[in-house]
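Bear in mind that the values in this text are calculations on the coordinates, not laboratory data. Source: prediction; values computed, not measured. Cβ sites come from the backbone with ideal geometry, for glycine too, and all protein chains shown count toward neighbours.
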Amino acid sequence: MVEERFPATRMRRSRMQDFARQLTCEHRLSPADLIQPLFVAEGAQIGPVASMPGIQRHALEQLGAECRRVQALGVPAVALFPVLPPEAKDDSGSAALDPDGLVPRAIRAAKEAAPGLGIIVDIALDPFTDHGHDGVLRADGSVDNDATVELLTKQAILYARAGADVLAPSDMMDGRVGALRTALERDRRFDVLILSYAAKYASAFYGPFRDAVGSRTALIGDKRSYQMDPAGSDEAMREIALDLREGADWVMVKPGMPYLDIVRRAKAEFGVPVAAYQVSGEYAMLEAAAAQGAFDRRRIILETLTCFRRAGADMILSYHAAEAAAWLREEHSA
């Protein structure tokens, strides 16, 4: 590296004018980097999420229009999350395996309304269980890993047959990626992508999401026996390596901003497509602070999303995705 000294080197020269800042920009954010999570619901569950201002639980009949809107803004994919009434949930999450359930119908509606839009669906049982956990519970209250993987495999094939482009196992069970990939191959679903929540932490940032899907009050205990300790970093690399070996195409780090070091390590060490999820708690914090006038809302949203790209994220799931995409298109056309 060339030795640089002042005054021969004045770093501010490249910052003084807008044209120079544009030419020397290291990382750019575009709508194509973003994924919009969407909640889909029926009946009394439709409506705003109180802890996530501006976010709606969409009726199935409205989902197609929302998908078209997102696609028109240049966002290439959406992630669908179901919201079921309490009476539709049970201890094994059996509604997850209903071929006429909310998720298969939502996949078909989205595909019909917005051809070419990528449809990502979670593979997990927590939206469907009455205890709020991502798997089947044993008598002692612990999650039965292998029994859960059997159900997840059936859920994955069901959603793939309904037309999902990307399956995103978010449960953190051991061996589930390999089981899903084997099942997809047997079903000749060779082109279905697996986006593994490979480094999903047992985080307090998920609270508003659990409000949105109705699992916060139902959750018995916590998820620390299967989600990762926030203090861990090397463990995340082991999880990612295992999931890639088992057949994951892309890997995810969740939550986002507090875990940018994990995003950076994942990209540097594996060189595969890395997703980061700017989760519900991050969204709620930004909205609450902006509402109090703490900072410029538009600027802080675009800054945080750009930071994901700088850290190495190839794709960013964010509840601000569609709004950010509109801003970016506006800036580009100015």
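Of the trypsin sites (Lys or Arg not before Pro) found in the range 193-256, those that fall in a DSSP loop while having at most 14 other beta-carbon atoms within 10 Å are Arg224. Sorting His133, His58 by the number of Cβ atoms found within 10 Å of their own Cβ, with the fewest placed first, yields His58, His133. When the helices of the chain are scored as -39500 (n - 2.57) per DSSP H run of n ≥ 4 and the total is divided over every residue, the value at 222 nm lands at -12000 deg cm²/dmol. Each of His133, Pro99, Ala113 was scored by the projection of its Cα onto the charge dipole of the range 28-251, and the greatest displacement toward the positive side belongs to Ala113; charges sit on the C-beta of Lys, Arg, Asp and Glu. Of all beta bridges that DSSP places with both ends in the chain, some 10 percent have antiparallel geometry. Equivalent-ellipsoid semi-axes for the chain (Cα gyration tensor, √(5λ), whole Å, largest first): 34, 23, 20. Among the trypsin sites (Lys or Arg not before Pro) within the range 1-102, those in coil by DSSP and having at most 12 neighbouring Cβ atoms inside 10 Å are Arg5, Arg10, Arg28. log₁₀ I(q)/I(0) of the range 1-114 at q = 0.19 Å⁻¹, via Debye over equal Cα point scatterers, no solvent, to two decimals? Each listed q maps to, in turn, -1.05. Distance distribution P(r), the range 119-213, all Cα-Cα pairs, bin width 10 angstrom from 0: 16, 48, 30, 6 percent. Packing, as the average of other Cβ atoms within 10 Å across residues, places the peptides 74-82, 111-119 in the order 74-82, 111-119, highest first. Evaluated with a Cβ-only charge set (Lys, Arg +1; Asp, Glu -1), the range 28-251 carries a dipole of roughly 680 debye about its Cα centre, given to the nearest 20.
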